[in-house]
(Lines give C-alpha, C1' and ligand atoms only; values in the text may rest on other atoms or scores of the structure.)
Protein backbone atom coordinates (compact mmCIF):
# COMPACT_ATOMS: atom_id res chain seq x y z
CA UNK A 1 0.00 0.00 0.00
CA UNK A 2 2.84 2.39 0.80
CA UNK A 3 4.45 1.74 -2.58
CA UNK A 4 1.11 2.27 -4.29
CA UNK A 5 0.46 5.55 -2.49
CA UNK A 6 3.92 6.83 -3.42
CA UNK A 7 3.01 6.37 -7.09
CA UNK A 8 1.31 9.65 -8.02
CA UNK A 9 -0.01 8.31 -11.30
CA UNK A 10 -1.60 5.32 -9.55
CA UNK A 11 -3.24 7.60 -6.98
CA UNK A 12 -4.54 9.79 -9.82
CA UNK A 13 -6.02 6.71 -11.50
CA UNK A 14 -7.65 5.58 -8.26
CA UNK A 15 -9.07 9.08 -7.75
CA UNK A 16 -10.62 9.09 -11.23
CA UNK A 17 -12.25 5.71 -10.57
CA UNK A 18 -13.50 6.93 -7.18
CA UNK A 19 -15.09 9.97 -8.84
CA UNK A 20 -16.76 7.66 -11.38
CA UNK A 21 -18.21 5.54 -8.57
CA UNK A 22 -19.46 8.59 -6.67
CA UNK A 23 -21.10 9.98 -9.81
CA UNK A 24 -22.84 6.66 -10.41
CA UNK A 25 -24.12 6.42 -6.83
CA UNK A 26 -25.13 10.03 -6.21
CA UNK A 27 -26.33 10.99 -9.72
CA UNK A 28 -29.84 12.01 -8.52
CA UNK A 29 -28.28 14.34 -5.94
CA UNK A 30 -25.84 15.93 -8.38
CA UNK A 31 -28.41 16.96 -11.00
CA UNK A 32 -32.15 17.58 -10.85
CA UNK A 33 -32.85 16.71 -14.50
CA UNK A 34 -33.91 13.33 -15.79
CA UNK A 35 -31.49 11.94 -18.43
CA UNK A 36 -34.27 10.46 -20.60
CA UNK A 37 -37.60 12.19 -20.03
CA UNK A 38 -36.63 15.84 -19.42
CA UNK A 39 -36.86 16.90 -23.06
CA UNK A 40 -37.21 20.64 -23.68
CA UNK A 41 -37.83 21.27 -27.37
CA UNK A 42 -37.43 25.02 -26.84
CA UNK A 43 -33.84 24.42 -25.68
CA UNK A 44 -32.59 22.09 -28.41
CA UNK A 45 -28.84 22.21 -29.11
CA UNK A 46 -28.14 25.06 -26.71
CA UNK A 47 -24.58 26.10 -26.03
CA UNK A 48 -23.16 25.67 -22.51
CA UNK A 49 -24.84 28.14 -20.15
CA UNK A 50 -25.68 28.65 -16.49
CA UNK A 51 -28.84 26.55 -16.86
CA UNK A 52 -27.08 23.80 -18.82
CA UNK A 53 -23.36 23.88 -18.07
CA UNK A 54 -22.58 21.41 -20.88
CA UNK A 55 -25.36 22.50 -23.21
CA UNK A 56 -28.25 20.40 -24.49
CA UNK A 57 -28.61 17.68 -27.11
CA UNK A 58 -30.86 17.27 -30.14
CA UNK A 59 -33.90 16.62 -27.91
CA UNK A 60 -33.21 19.41 -25.43
CA UNK A 61 -31.90 17.06 -22.75
CA UNK A 62 -29.25 18.34 -20.35
CA UNK A 63 -25.87 16.99 -21.49
CA UNK A 64 -24.32 17.23 -18.02
CA UNK A 65 -27.12 15.06 -16.63
CA UNK A 66 -26.60 12.44 -19.31
CA UNK A 67 -22.85 12.44 -18.64
CA UNK A 68 -23.44 11.96 -14.90
CA UNK A 69 -26.01 9.18 -15.34
CA UNK A 70 -23.82 7.67 -18.04
CA UNK A 71 -21.32 6.90 -15.29
CA UNK A 72 -23.70 4.15 -14.14
CA UNK A 73 -23.68 2.38 -17.50
CA UNK A 74 -19.92 2.90 -17.75
CA UNK A 75 -19.38 1.34 -14.33
CA UNK A 76 -21.59 -1.61 -15.29
CA UNK A 77 -19.69 -1.87 -18.56
CA UNK A 78 -16.48 -2.22 -16.57
CA UNK A 79 -17.86 -4.73 -14.06
CA UNK A 80 -20.17 -7.10 -15.95
CA UNK A 81 -17.90 -8.31 -18.80
CA UNK A 82 -14.88 -8.67 -16.53
CA UNK A 83 -16.97 -10.58 -13.98
CA UNK A 84 -18.03 -12.99 -16.73
CA UNK A 85 -14.40 -13.44 -17.77
CA UNK A 86 -13.30 -13.98 -14.16
CA UNK A 87 -16.05 -16.44 -13.25
CA UNK A 88 -15.61 -18.53 -16.40
CA UNK A 89 -12.06 -17.94 -17.61
CA UNK A 90 -10.17 -18.18 -14.32
CA UNK A 91 -11.54 -21.63 -13.30
CA UNK A 92 -10.83 -22.97 -16.79
CA UNK A 93 -7.29 -21.59 -16.68
CA UNK A 94 -6.75 -23.01 -13.18
CA UNK A 95 -7.89 -26.52 -14.06
CA UNK A 96 -6.23 -26.80 -17.45
CA UNK A 97 -2.95 -25.31 -16.26
CA UNK A 98 -2.81 -27.56 -13.21
CA UNK A 99 -3.97 -30.77 -14.90
CA UNK A 100 -2.12 -30.35 -18.22
CA UNK A 101 -2.27 -33.20 -20.68
CA UNK A 102 -4.13 -33.59 -23.96
CA UNK A 103 -7.22 -31.71 -22.77
CA UNK A 104 -5.07 -28.67 -21.97
CA UNK A 105 -2.78 -28.70 -25.01
CA UNK A 106 -5.09 -29.86 -27.80
CA UNK A 107 -8.58 -28.81 -26.78
CA UNK A 108 -8.75 -25.79 -24.50
CA UNK A 109 -5.68 -23.96 -25.76
CA UNK A 110 -6.55 -24.58 -29.41
CA UNK A 111 -9.99 -23.05 -28.83
CA UNK A 112 -8.34 -20.13 -27.05
CA UNK A 113 -5.92 -19.67 -29.96
CA UNK A 114 -8.81 -19.67 -32.42
CA UNK A 115 -10.68 -17.04 -30.39
CA UNK A 116 -7.57 -14.90 -30.00
CA UNK A 117 -7.12 -14.88 -33.77
CA UNK A 118 -9.79 -12.17 -33.72
CA UNK A 119 -9.21 -8.86 -31.91
CA UNK A 120 -11.38 -8.70 -28.77
CA UNK A 121 -13.44 -5.77 -30.08
CA UNK A 122 -14.13 -7.53 -33.40
CA UNK A 123 -15.06 -10.71 -31.56
CA UNK A 124 -17.37 -8.73 -29.26
CA UNK A 125 -18.91 -7.02 -32.29
CA UNK A 126 -19.61 -10.37 -33.95
CA UNK A 127 -21.05 -11.84 -30.75
CA UNK A 128 -23.25 -8.78 -30.19
CA UNK A 129 -24.57 -9.08 -33.72
CA UNK A 130 -25.41 -12.74 -33.09
CA UNK A 131 -26.99 -12.16 -29.67
CA UNK A 132 -28.85 -9.04 -30.79
CA UNK A 133 -28.68 -5.45 -29.64
CA UNK A 134 -29.16 -4.23 -26.08
CA UNK A 135 -26.89 -3.38 -23.20
CA UNK A 136 -27.01 -6.81 -21.51
CA UNK A 137 -26.25 -8.67 -24.73
CA UNK A 138 -23.39 -6.27 -25.46
CA UNK A 139 -21.92 -6.88 -22.00
CA UNK A 140 -22.22 -10.65 -22.50
CA UNK A 141 -20.50 -10.39 -25.88
CA UNK A 142 -17.63 -8.35 -24.43
CA UNK A 143 -17.27 -10.83 -21.56
CA UNK A 144 -17.01 -13.74 -24.01
CA UNK A 145 -14.42 -11.76 -25.95
CA UNK A 146 -12.32 -11.45 -22.78
CA UNK A 147 -12.34 -15.18 -21.99
CA UNK A 148 -9.23 -16.13 -24.03
CA UNK A 149 -7.03 -13.53 -22.34
CA UNK A 150 -8.11 -14.53 -18.82
CA UNK A 151 -7.75 -18.24 -19.56
CA UNK A 152 -4.27 -17.77 -21.00
CA UNK A 153 -3.05 -15.46 -18.21
CA UNK A 154 -4.40 -17.74 -15.48
CA UNK A 155 -2.95 -20.86 -17.09
CA UNK A 156 0.47 -19.24 -17.50
CA UNK A 157 0.54 -18.23 -13.84
CA UNK A 158 -0.54 -21.70 -12.71
CA UNK A 159 2.23 -23.30 -14.77
CA UNK A 160 4.77 -21.00 -13.09
CA UNK A 161 3.78 -21.93 -9.52
CA UNK A 162 2.35 -25.47 -9.58
CA UNK A 163 5.74 -27.15 -9.08
CA UNK A 164 7.05 -24.78 -6.41
CA UNK A 165 7.94 -26.05 -2.93
CA UNK A 166 4.79 -24.89 -1.13
CA UNK A 167 2.60 -26.71 -3.68
CA UNK A 168 4.70 -29.86 -3.30
CA UNK A 169 4.37 -29.54 0.47
CA UNK A 170 0.58 -29.27 0.18
CA UNK A 171 0.52 -32.42 -1.96
CA UNK A 172 2.73 -34.21 0.57
CA UNK A 173 0.27 -33.46 3.37
CA UNK A 174 -2.50 -35.14 1.37
CA UNK A 175 -4.36 -31.99 0.29
CA UNK A 176 -6.84 -32.55 -2.53
CA UNK A 177 -6.32 -30.90 -5.88
CA UNK A 178 -9.35 -28.65 -5.44
CA UNK A 179 -8.00 -27.37 -2.13
CA UNK A 180 -4.55 -26.84 -3.62
CA UNK A 181 -6.02 -24.88 -6.53
CA UNK A 182 -8.26 -22.56 -4.54
CA UNK A 183 -6.31 -22.24 -1.27
CA UNK A 184 -2.70 -22.36 -2.46
CA UNK A 185 -2.44 -21.62 -6.19
CA UNK A 186 -5.18 -19.00 -6.64
CA UNK A 187 -4.12 -16.72 -3.73
CA UNK A 188 -0.56 -16.66 -5.05
CA UNK A 189 -1.58 -15.64 -8.57
CA UNK A 190 -4.27 -13.19 -7.45
CA UNK A 191 -1.98 -10.16 -7.84
CA UNK A 192 -1.52 -10.81 -11.56
CA UNK A 193 -5.25 -11.41 -12.02
CA UNK A 194 -6.02 -8.15 -10.19
CA UNK A 195 -3.85 -6.19 -12.60
CA UNK A 196 -5.38 -8.02 -15.58
CA UNK A 197 -8.83 -7.18 -14.23
CA UNK A 198 -8.24 -3.43 -13.98
CA UNK A 199 -6.72 -3.25 -17.46
CA UNK A 200 -9.58 -5.33 -18.89
CA UNK A 201 -12.06 -2.89 -17.34
CA UNK A 202 -10.53 -0.09 -19.39
CA UNK A 203 -10.86 -2.18 -22.54
CA UNK A 204 -14.45 -3.08 -21.65
CA UNK A 205 -15.39 0.60 -21.39
CA UNK A 206 -13.96 1.30 -24.84
CA UNK A 207 -15.72 -1.77 -26.24
CA UNK A 208 -19.07 -0.76 -24.74
CA UNK A 209 -18.71 2.76 -26.10
CA UNK A 210 -17.85 1.35 -29.52
CA UNK A 211 -20.80 -1.05 -29.59
CA UNK A 212 -23.20 1.65 -28.38
CA UNK A 213 -21.81 4.01 -31.01
CA UNK A 214 -22.57 1.39 -33.67
CA UNK A 215 -26.07 0.79 -32.29
CA UNK A 216 -25.33 -2.68 -30.85
CA UNK A 217 -25.05 -1.61 -27.22
CA UNK A 218 -27.22 0.66 -25.11
CA UNK A 219 -30.43 1.96 -26.63
CA UNK A 220 -30.23 5.54 -28.02
CA UNK A 221 -32.36 6.96 -25.19
CA UNK A 222 -30.08 5.46 -22.53
CA UNK A 223 -27.36 7.82 -21.28
CA UNK A 224 -24.44 5.84 -22.68
CA UNK A 225 -21.37 7.88 -23.59
CA UNK A 226 -20.96 5.82 -26.76
CA UNK A 227 -24.52 6.47 -27.96
CA UNK A 228 -24.05 10.15 -27.09
CA UNK A 229 -21.09 10.22 -29.47
CA UNK A 230 -23.25 8.61 -32.14
CA UNK A 231 -25.86 11.35 -31.78
CA UNK A 232 -23.26 14.12 -31.61
CA UNK A 233 -21.47 13.17 -34.84
CA UNK A 234 -24.26 14.76 -36.87
CA UNK A 235 -23.63 18.14 -35.22
CA UNK A 236 -19.84 18.10 -35.16
CA UNK A 237 -19.44 21.23 -37.27
CA UNK A 238 -22.07 23.33 -35.50
CA UNK A 239 -22.18 22.06 -31.90
CA UNK A 240 -18.76 20.46 -31.26
CA UNK A 241 -19.27 20.41 -27.48
CA UNK A 242 -21.69 17.50 -27.94
CA UNK A 243 -18.69 15.38 -28.95
CA UNK A 244 -16.23 16.86 -26.47
CA UNK A 245 -17.99 15.91 -23.23
CA UNK A 246 -18.64 12.17 -23.78
CA UNK A 247 -15.30 11.77 -25.54
CA UNK A 248 -13.50 13.45 -22.65
CA UNK A 249 -15.39 11.33 -20.11
CA UNK A 250 -14.45 8.08 -21.88
CA UNK A 251 -10.81 9.16 -22.18
CA UNK A 252 -10.51 10.12 -18.50
CA UNK A 253 -12.08 6.93 -17.19
CA UNK A 254 -9.99 4.69 -19.45
CA UNK A 255 -6.88 6.62 -18.40
CA UNK A 256 -7.88 6.13 -14.76
CA UNK A 257 -8.18 2.35 -15.08
CA UNK A 258 -4.89 2.11 -16.99
CA UNK A 259 -3.04 4.20 -14.40
CA UNK A 260 -4.59 2.14 -11.61
CA UNK A 261 -3.62 -1.12 -13.28
CA UNK A 262 -0.05 0.02 -13.89
CA UNK A 263 0.23 1.22 -10.30
CA UNK A 264 -1.03 -2.10 -8.96
CA UNK A 265 1.43 -3.95 -11.17
CA UNK A 266 4.35 -1.96 -9.82
CA UNK A 267 3.17 -2.33 -6.24
CA UNK A 268 2.40 -6.08 -6.36
CA UNK A 269 5.14 -7.41 -8.65
CA UNK A 270 8.03 -8.61 -6.45
CA UNK A 271 10.50 -7.98 -9.30
CA UNK A 272 9.60 -4.26 -9.29
CA UNK A 273 9.67 -3.75 -5.54
CA UNK A 274 12.43 -1.59 -4.11
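The values are calculated or read from the model by the stated rules, or taken from the named source; none is laboratory data. No experiment lies behind these values; they were computed from the predicted model shown. Here the Cβ is made from the backbone with ideal geometry for all residues, glycine too, and neighbour counts use every protein chain on show.
A few remarks follow.
- Residues in the range 29-46 that are surrounded by 14 or more Cβ atoms within 10 Å (Cβ to Cβ), in a helix (DSSP H, G or I) and either out of contact with any helix residue (DSSP H, G or I) (no Cβ under 9 Å at 6 or more places or on another chain) or without any contact (Cβ under 8 Å) to a residue 12 or more places away in the chain (or both): 43 only.
Here is a yes/no grid of residues against (1) surrounded by 15 or more Cβ atoms within 10 Å (Cβ to Cβ); (2) part of a loop (DSSP other than H, G, I, E, B); (3) modelled with pLDDT under 90:
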site: 126; (1), (2), (3): no, no, yes
site: 138; (1), (2), (3): yes, no, yes
site: 141; (1), (2), (3): yes, no, yes
site: 149; (1), (2), (3): yes, no, no
site: 163; (1), (2), (3): no, yes, yes
site: 167; (1), (2), (3): yes, no, yes
site: 170; (1), (2), (3): yes, no, yes
site: 174; (1), (2), (3): no, yes, yes
site: 178; (1), (2), (3): no, no, yes
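- Lone qualifier among 237, 258, 188 - being in a helix (DSSP H, G or I) and at pLDDT below 90: 188
- Looking only at the range 217-234, and only at residues there that are surrounded by fewer than 23 Cβ atoms within 10 Å (Cβ to Cβ) and farther than 16 Å from residue 62 by Cβ, the one that is farthest from the chain's Cα centre (by Cα): 234
- Just one of the numbered conditions (1) surrounded by 22 or more Cβ atoms within 10 Å (Cβ to Cβ); (2) at pLDDT 90 or above; (3) closer than 17 Å to residue 216 by Cβ is not true of residue 155: (3).
- Among the residues listed as 15, 63, 74, the single one being buried (at least 19 other Cβ atoms within 10 Å of the Cβ) and under 30 Å from residue 150 (Cα atoms): 74
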